[in-house]
Every structure is written in structure tokens, then in C-alpha cells.
Ligand SMILES: Nc1ncnc2c1ncn2[C@@H]1O[C@H](COP(=O)(O)OP(=O)(O)OP(=O)(O)O)[C@@H](O)[C@H]1O
Ligand SMILES: [Mg+2]
């Protein structure tokens with residue numbers, strides 16, 4: 001039986017934590033190992049952070065200035081969209097933004113490649129998604145947005161089969 | 001460690017709390033800045049650590065930074081970027097980055113990122 005879950009939330013750094021925790025909670029029915037949960041949380045964190053920083057260009061204003069109330073009219077905050085599905089022993093996670101998109105996906109996925117060194121990005125995001133998930137697909141249209149799809153086999157039944 | 005997160009959540013709650021809590025998270029011992037790393041070192045938290053670490057680096061005669069991961073359960077590439085950034089600052093004056101009490105998960109992420117050459121471990 002297939003299970004699904006959808007999340008849509010404001011593309012703000014303070015939402016990254018609840019996004020990865022929500023996906024981790026959805027995973028519970030697969031009976032994942034602690035390590036699998038951590039792997040998924042890291043991968044989700046990477047993809048969501050990328051939507052916010054790169055897709056929508058929300059880097060970080062100096063933290064000390066955040067106490068100030070925003071001046072002028074408030075702009076609507078763009079959204080990050082997550083869809084998760086569990087089928088058999090596999091979770092698939094789709095994380096999407098409607099931001100600037102990626103011109104050269106192959107280059108973007110190379111370890112250490114980053115377009116935002118001034119924000120102290122290390123270019124490890126896609127490398128972590130690849131390392132911690134079984135499958136990773138990236139689709140992007142410049143000017144339209146980016147969708148990352150990831151899959152991972154999790155849980156007890158999988159471990160058992162592996163040991164036999 | 002939850003006080004750090006609470007403080008973050010009530011960031012409009014006034015400056016006083018922030019200063020007091022920060023003193024607990026950032027200690028200066030001789031020429032070392034000791035940073036108690038938050039429970040979840042993500043984009044949001046890395047920005048805090050970066051900002052205050054750099055503030056102390058300017059103010060005091062600090063040479064080295066110790067990141068104490070005792071209470072840290074989660075780190076992603078934002079944490080890596082933050083550590084590498086601090087490494088660039090201190091190493092240009094001969095300083096070191098030391099990592100204390102890192103659990104298995106944190107070690108794995110640091111190794112994967114190729115940081116093991118830049119840092120020293122203390123346990
Ligand atoms: N959602 C996105 N929208 C637009 N560009 C993206 C998106 N995700 C990734 N990119 C591009 O791909 C590059 C590599 O991404 P990756 O996550 O590997 O590294 P990073 O985000 O730059 O650094 P790190 O993840 O280590 O902090 C980014 O610098 C950016 O140019
Ligand atoms: Mg990234």
C-alpha cells in the first residue's frame with residue numbers, strides 16, 4: 001500500500017528544522033534505523049536549504065539585525081514544496097522550488113562547486129544527498145525552478161533481507 | 001543546550017537574554033575560543049555561531065577555536081561552510097581548529113567533507 005504526504009511552507013531558514021523533522025516522522029512506519037533517519041534528515045536539509053538560499057536567494061542577513069521589524073510593505077514569502085511517498089520499503093521524497101533554477105546541473109552536482117562562496121557555502125549539498133540516499137534526480141528549468149527527487153530503502157525488512 | 005534554541009525562537013525578546021546565553025555558549029580560555037555547538041547545526045544555527053564567533057575573534061586576542069560537539073546531534077553542509085570559514089580566518093594567523101566530543105555522525109560528515117586535514121580532534 002502506498003502512503004503519501006505533502007508539505008508546503010514558507011521558504012525561510014527557520015523552517016528547515018521542522019521540514020526535516022516532519023519527513024523523519026513520516027518515515028516511522030518503515031521502521032528505519034537511527035542512521036537511516038539521520039541520512040534522510042541530512043538529505044532533506046540540504047535540498048530545502050538549497051531551495052531557500054539558491055532558488056529564492058534568501059541567504060542570511062546579519063543575525064544581529066534580525067531584531068529589527070521589517071520596514072515597509074511585506075512581500076509574500078515564496079514556498080518550498082515537499083511530497084513524500086512510502087511504497088514497500090522505499091521512501092521517495094520530492095523537494096521543489098519555483099525559484100531561479102539551475103543552468104548547468106552536471107556542474108552544480110560536482111562536489112565543492114558553489115555559486116555562493118561569499119555566503120560560506122561549501123558545495124557539499126548534492127554530494128551529501130548522493131551519499132546519504134540511494135537515488136538522486138535533479139530537474140531544473142532556469143527561471144522556473146528546481147525539483148530534487150530522492151529515494152532510499154529503509155527499515156527492518158530491508159535489513160533482514162540483506163543479512164540473509 | 002535547549003536554551004540556545006529557545007533564545008533563537010524568541011529572538012525578538014530583547015537583547016539581555018541573548019548576551020547572557022551567549023556567554024554560556026562562547027568561552028574564552030587563554031587564546032582559545034571555545035564554542036559549544038548547538039544541538040542542530042543547520043543553516044539557521046550556523047549563522048548564529050558564525051556571527052558571534054567572528055565578533056569574539058575581533059574583540060579578543062584569540063588564536064584557536066575549539067568547537068565542542070558534545071550536545072550536537074545534527075549537522076549539514078551549512079555547518080561545514082561555517083567551520084571552513086572560521087578555519088580560513090584563524091589559519092591565516094597560524095591558528096588551529098579543534099573538534100571536541102564529536103559523535104559518530106558528526107565525524108562522518110566532517111570526514112565526507114574532507115575537513116579531517118584542517119582540524120585536530122580532542123576527546
Ligand atoms: N534549488 C536550487 N535552485 C537554484 N540553484 C541551485 C539549487 N540547488 C542547488 N543549486 C546550485 O547548485 C550549486 C551546488 O549546490 P550544493 O548544495 O551542492 O552546494 P551549495 O549549496 O553551493 O553549498 P553547500 O550545500 O555545501 O552549503 C549551488 O551553489 C547552486 O548554484
Ligand atoms: Mg547546498
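Computed from the coordinates by the stated procedures, all read-outs in this text should not be read as laboratory data. Everything numeric here is computed off the predicted structure, so don't read it as measured data. Because the Cβ atoms are built from the backbone with ideal geometry, glycine has one as well, and the counts that use them run over all protein chains shown.
Computed over chain A, the range of Cα coordinates on each principal axis works out to 61, 33, 28 Å, biggest value leading.
Under the simplified labelling scheme, the residue B:51-residue B:31 pair shows an inter-label distance of 3.0 nm, with each label point 7 Å from Cα along Cα→Cβ.
In this simple spin-label approximation, residue A:103 and residue A:77 carry label points 7 Å from Cα along the Cα→Cβ vector, and these lie 3.0 nm apart.
Summary value for the range B:25-122: 28 percent relative contact order, contacts being C-alpha pairs under 8 angstrom separated by 6+ residues. Over the C-alpha trace of the range B:25-122, radius of gyration and Dmax come out as 12.0, 34 angstrom. Return the calculated 222 nm mean residue ellipticity for chain A, to the nearest 500 deg cm²/dmol, obtained by summing -39500 (n - 2.57) across DSSP H runs with n ≥ 4 and dividing by the residue count. Calculated mean residue ellipticity at 222 nm is -8500 deg cm²/dmol.
The label-point distance for residue A:33 and residue B:73, in a model that sets each label 7 Å from Cα toward Cβ, rounds to 1.9 nm. Counting, for every residue in B:107-114, the Cβ atoms of other protein chains within 10 Å of its Cβ and taking the mean gives 4.
Placing R0 at 45 angstrom, the Cβ-Cβ distance between residue B:89 and residue A:25 gives a FRET efficiency of 0.75 after rounding to 0.05. Stretched out straight at 0.36 nm per residue, the stretch from residue A:135 to residue A:1 would grow longer than its current Cα-Cα span by 46.1 nm.
Can you tell me the FRET efficiency between residue A:87 and residue B:117 if r is taken as the Cβ-Cβ distance and R0 is 45 Å, rounded to the nearest 0.05? Rounded to the nearest 0.05, the efficiency is 0.60. For a paramagnetic label modelled on residue A:18 (point 7 Å from Cα along Cα→Cβ), amide N atoms under 19 Å away belong, within the range A:80-104, to A:80-84, A:95-97.
Running a GNM on chain A with Cα contacts under 10 Å, which residue among A:108, A:19, A:47 ends up with the highest mean-square fluctuation? Among A:108, A:19, A:47, the largest GNM mean-square fluctuation belongs to A:108. Using a ≥ b ≥ c from the Cα gyration tensor of the range B:31-73 (square roots of the eigenvalues), is it rounded, prolate or oblate, where a/c under 1.5 gives rounded and otherwise the larger of a/b and b/c decides, a/b for prolate? Taking the square roots of the gyration eigenvalues as a ≥ b ≥ c, the range B:31-73 is oblate.
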